[in-house]
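Undergrad: Supplied in structure tokens, the structure appears directly below.
The values are calculated or read from the model by the stated rules, or taken from the named source; none is laboratory data. Remember, predicted model here, so these are calculated numbers, not experimental data. A quick note on method: Cβ atoms are made from the backbone with ideal geometry, for glycine too, and the neighbour counts reach across all protein chains shown. Quick note on the areas: whole protein, heavy atoms, side chains included, nothing else; ligands and nucleic acids left out. Shrake-Rupley method; radii C 1.70, N 1.55, O 1.52, S 1.80 Å.
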Amino acid sequence: MEKAEKTRTLAFFDTKPYDREKFDELSPKYGFNLKYIESKLGPQSAVMAEGCDGVIAFVNDTINAETIERLYNMGIRVIALRSAGYNNVDFKAAYGKIHVLHVPAYSPYAVAEHAMALLLALNRKIHRAYTRTRDHNFSIVGFTGFDMYGKTVGVIGTGRIGRVFVDICRGFGMKVIAYDPYPSPDSGIEFVELDKLFRESDIISLHCPLTKETHHIIDERALSMMKDGVYIINTSRGALIDTEALLEAIKSRKVGAVGLDVYEEEADFFYEDVSGDILEDDKLARLLTMPNVLVTAHQAFLTREALDNIAQTTMENLRAFFAGEPLPNEVCYYCGKISTCDRLHKERCF
Ligand code: NAI
């Protein structure tokens, strides 16, 4: 890798201590100077990127038309997302102005293993046993779980993460069924219609992106079709689930347990310590009171391997951008996947 001729300054929004280790190691090698900013990126905070050559952003940054316009007016032409998901970007507003790059894969294992961790913890009540034994309460009443072996798991979305999750489930001797509008014929996975998956699964795990089609894919109708006592795991994006409908289904005992690493309205809370404040989100507050709900704050990606890969790919994406090279990790406004778009200009979206 050749170091860039000119040092470029990049505004690094929503910085957390764990981000810095690898980025600090790599940025001098790439000739990048990183301006770490703790605030999330949004229309108000965009001004903090003044004087920078590009922006590095994350999942809960608000990259809407207003943010994009402000960054564009400052001369910024590239946003490098250090995430796989990009539902927080207004691509229509960005098209023709700012190239948006992402990290398509950094560790599908990290996310799939976290989904299984949530499932195992909920099934065997590990989160409750932990607090009980620390209080010297060694009763196991109420902790009855079920054998995972032989249960049917329904996987929605069988891309990189979904496939790893399928493999893990197979290791447990579970029966796997899946729904994906683009099923891969060579995967050996049994693909079924979505409604059949809802009806037949003991456990449902979400591994699809958030799009117009998947918004509230788990809603009142879907929940009504599911088996009594179904377990639902969501490590993808919060808005895949209609939280109000989910709460009702938990209260009516339709849903047996829920593991959430993501939440519809997470942007105001996740990644922040708000323990000294009153939690203003009633739905999240209700979820957190339920013994059969386990919430983690969007940490499924958080492994050493994933952080290393995120930093490496982000730096490489930016190097390619500034070097005028093709951008294989650009998200195309028209097709979503740069490699298949017939409107490419020199292997760039525009
Ligand atoms: P991927 O792009 O490899 O796979 C997504 C799969 O979903 C594809 O097979 C696609 O055909 C399928 N899909 C698209 N529309 C669908 C629909 N309507 N119904 C069912 N399936 C549909 O993505 P990957 O890497 O597996 O990531 C999946 C999601 O996981 C990301 O979109 C992101 O939201 C989430 N994620 C969460 C992380 C966390 O820390 N909690 C970290 C990384 C990703």
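Undergrad: Mean residue ellipticity at 222 nm from the helices of the chain, using -39,500 (n - 2.57) per DSSP H segment of n ≥ 4 over the full residue count, to the nearest 500 deg cm²/dmol?
TA: -9500 deg cm²/dmol
Undergrad: Same structure again: Projected onto the charge dipole of the chain (+1 at Lys/Arg Cβ, -1 at Asp/Glu Cβ, origin at the Cα centre), which of 79, 315, 62 gives the Cα projection farthest towards the positive end?
TA: 315
Undergrad: Further, regarding this structure: Enter the accessible area per residue of the chain (Å², integer; probe 1.4 Å; all protein chains in place).
TA: 49
Undergrad: Now, a different point. For the range 229-289, state which trypsin sites (Lys or Arg not before Pro) are in a DSSP loop and have at most 10 other beta carbons lying within 10 Å of their beta carbon.
TA: 253
Undergrad: Please report, in debye to the nearest 20, how large the charge dipole of the range 1-120 is about its Cα centre when each Lys and Arg carries +1 at its beta carbon and each Asp and Glu carries -1 there.
TA: Charge dipole of the range 1-120: 220 debye, to the nearest 20.
Undergrad: Can I ask one more? Per-residue HN-Hα couplings for the range 44-60, Karplus 6.51 cos²θ - 1.76 cosθ + 1.60 at θ = phi - 60°, whole Hz, x for Gly and Pro?
TA: Each residue's phi maps through the Karplus curve to give 6, 7, 3, 4, 5, 8, 3, x, 8, 8, x, 10, 10, 10, 9, 4, 9 Hz.
Undergrad: Further, regarding this structure: How many percent of all Cα-Cα pairs in the range 108-295 sit more than 20 Å apart?
TA: 54
Undergrad: To continue, here is another question. Measure nothing fancy, just the Cα-based angle from helix 17-30's long axis to the longest principal axis of the chain, in degrees from 0 to 90, nearest 10.
TA: Taking Cα atoms only, the helix is inclined about 30 degrees.
Undergrad: If you don't mind, another one. Taking loop as defined by DSSP and a crowding limit of 14 other beta carbons within 10 Å, which GluC sites (Glu not before Pro) in the range 120-202 fit?
TA: Sites meeting the loop and neighbour criteria: 193.
Undergrad: I've got another one for you. Starting with the highest mean, order 205-211, 45-51, 144-150, 78-84 by the number of other Cβ atoms within 10 Å, averaged over the residues of each peptide.
TA: Packing proxy ranking, top to bottom: 78-84, 205-211, 45-51, 144-150.
Undergrad: Over the residues of the range 28-105, compute the C-alpha Rg and express it relative to 2.2 N^0.38 Å.
TA: The value comes to 1.01.
Undergrad: What's the magnitude of the charge dipole for the range 108-295 around its Cα centre, counting Lys and Arg as +1 and Asp and Glu as -1 at the beta-carbon? Answer in Debye, nearest 20.
TA: The dipole magnitude comes to about 940 debye.
Undergrad: On to the next question. Per the 1.4 Å probe, what fraction of the accessible area of the chain, in percent, lies on carbon and sulfur atoms?
TA: Roughly 50 percent, rounded to a whole number.
Undergrad: Once both axes come from the Cα atoms, what is the angle between helix 160-171 and the longest principal axis of the chain, in degrees from 0 to 90, rounded to 10?
TA: Rounded to the nearest ten degrees, it is 30.
Undergrad: Are there any GluC sites (Glu not before Pro) in the range 280-343 that are in a DSSP loop and have at most 14 other Cβ atoms within 10 Å? List them by number.
TA: Sites meeting the loop and neighbour criteria: 280.
Undergrad: Continuing with this model, one more query. With springs only between Cα atoms under 10 Å apart, run a GNM on the chain and tell me which of 314, 15, 340 wobbles the most.
TA: Ranking 314, 15, 340 by mean-square fluctuation puts 340 first.
Undergrad: Kirkwood-based Rg over Rh for the range 94-155 (C-alpha set), two decimals?
TA: 1.28
Undergrad: Something else: Bin by bin, in steps of 10 Å, what percent of the Cα pairs in the range 141-216 do you find, going until the bin that has the longest distance?
TA: 19, 51, 23, 7, 1
Undergrad: Which percentage, to the nearest 5, of the DSSP beta bridges contained in the chain is antiparallel?
TA: Beta bridges within the chain, antiparallel portion: roughly 5 percent.
Undergrad: I've got another one for you. Label points 7 Å out from Cα along the Cβ direction at residue 143 and residue 128: separation in nm?
TA: In this crude label model, residue 143 to residue 128 measures out at 1.1 nm.
Undergrad: Restricting to Cα atoms and excluding each atom paired with itself, what does the Kirkwood estimate give for the chain in Å?
TA: Averaging 1/r across every pair of different Cα atoms and inverting gives 21.6 Å.
Undergrad: Measure off 7 Å from each Cα along the Cα-to-Cβ vector at residue 297 and residue 97, then give the distance between these two points in nanometres to one decimal.
TA: Calculated label separation equals 3.2 nm.
Undergrad: Next question, about the same structure. Treating the range 1-156 as a set of equal point scatterers at the Cα positions, no solvent, please give the Debye-formula log₁₀ I(q)/I(0) at q = 0.14, 0.19, 0.21 Å⁻¹.
TA: Each listed q corresponds, in turn, to -0.79, -1.13, -1.31.
Undergrad: When the chain is fully extended, how far beyond the present Cα-Cα distance does residue 212 get from residue 66, taking 0.36 nm per residue of separation?
TA: The span from residue 212 to residue 66 would gain 50.5 nm if fully extended.
Undergrad: Roughly how big is the chain's charge dipole about its Cα centre, with Cβ charges of +1 (Lys, Arg) and -1 (Asp, Glu), in debye to the nearest 20?
TA: Approximately 600 debye in magnitude.
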